[in-house]
Structures are given as C-alpha cells and as structure tokens.
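The values are calculated or read from the model by the stated rules, or taken from the named source; none is laboratory data. Remember, predicted model here, so these are calculated numbers, not experimental data. Note: ideal-geometry Cβ built from the backbone for every residue, glycine included; neighbour counts use all protein chains shown. Keep in mind that these areas ignore ligands, DNA and RNA; they rest on the heavy atoms of the full protein, side chains included. Shrake-Rupley method; radii C 1.70, N 1.55, O 1.52, S 1.80 Å.
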Amino acid sequence: QVQFVESGGGLVEPGGSLTLSCTVSGSIDRIREMGWYRQAPGMQRVLVATDSKTEGTYYADSAKGRFTISRDNAKNTMYLQMSRLRPEDTARYYCNQSPWRSWGQGTQVTVSS
C-alpha cells in the first residue's frame, strides 16, 4: 500500500519561504497525478496544487505565483516550494495521489511574526 510521509514544515515569518517534501513508498513514476493539500484548524482539507503526467501542473488561486510543485522520480519525492508566505497559508499540509489513498500525518506550516 502506498504511504506518504510529509516533512519540511515549520514556523516562518510572513514573506518567508519553505519547501515541503513528500516521500512516497514505491515508485512515484507510476503515479499519474499527485497533489498537495492543506487543512487549517476548523476548516476542510483543500487542494493547493497538483502535478499530472498528462495535464501538467495546476494551482489553486491562493497558490498561483507563489508556490511551485515538482517531483524527483529518482528520489520518489514530491516537493512544494512556497514563497511569499502569508499568515493565511498557516495549515497542516498533506500530499496524496489521485484518486486518494490513505493520508499521511502531514506537516505543519505556521506563518507568523
């Protein structure tokens, strides 16, 4: 069964940058589409960005121009480079494939001064 392990979160000041990593058990080269999601306290989990082998990348409006999704197939790892972070980006970030498999623990991102 595919497992996802997210890492790279932390506390960052507004305007700062972070890069999240998603390590996948097994080969991600076989996964057609993968994505990053986030969930703020008391809110639903929402899509942030996806990377599809057939349709390219997609970004939610909140992420456009600030976040970049990418994969390193050799490392079975997906990344989310986040820049110009805002307090409203504070959330727990998760990765998964489409269609979803079991969720990992996520990694917490807190943007605060």
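With the structure loaded, tell me whether Ala40 is under 22 Å from Pro14 (Cβ atoms), at pLDDT 95 or above and surrounded by fewer than 15 Cβ atoms within 10 Å (Cβ to Cβ) or whether it fails that test. Don't jump to the end; show me each part of the working.
Details: under 22 Å from Pro14 (Cβ atoms): yes; at pLDDT 95 or above: yes; surrounded by fewer than 15 Cβ atoms within 10 Å (Cβ to Cβ): yes.
Criteria met by Ala40.
Scanning region 82-102 for residues that are closer than 25 Å to Gln3 by Cα and surrounded by 15 or more Cβ atoms within 10 Å (Cβ to Cβ) yields Met82, Asp89, Thr90, Ala91, Arg92, Tyr93, Tyr94, Cys95, Asn96, Gln97.
Condition check ((1) more than 24 Å from Thr110 (Cα to Cα); (2) touching a residue at least 24 places away in the same chain (Cβ under 8 Å); (3) charged (D, E, K, R)) across all residues:
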residue: Gly9; (1), (2), (3): no, yes, no
residue: Ile31; (1), (2), (3): yes, yes, no
residue: Trp36; (1), (2), (3): no, yes, no
residue: Arg84; (1), (2), (3): no, yes, yes
residue: Glu88; (1), (2), (3): no, yes, yes
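Taking the condition in a strand (DSSP E or B) and out of contact with any Leu (no Cβ under 7 Å at 6 or more places or on another chain), does Asp29 pass?
Details: in a strand (DSSP E or B): no; out of contact with any Leu (no Cβ under 7 Å at 6 or more places or on another chain): yes.
The answer is no for Asp29.
Scanning region 69-81 for residues that are open to solvent by 60 Å² or more (accessible area, probe 1.4 Å) and more than 17 Å from Val111 (Cβ to Cβ) returns Asn73, Ala74, Lys75. Assessment of region 28-47 against the conditions (of a type in the set (Phe, Trp, Tyr) and farther than 14 Å from Met82 by Cα) yields no matching residue.
Screening Arg66 with (1) loosely packed, with under 15 Cβ neighbours inside 10 Å; (2) without any contact (Cβ under 8 Å) to a residue 40 or more places away in the chain; (3) more than 16 Å from Tyr94 (Cα to Cα); (4) not hydroxyl-bearing (Ser, Thr, Tyr) gives one miss only, at (1).
Within region 103-113, being open to solvent by 40 Å² or more (accessible area, probe 1.4 Å) and part of a strand (DSSP E or B) holds for Gln108, Thr110.
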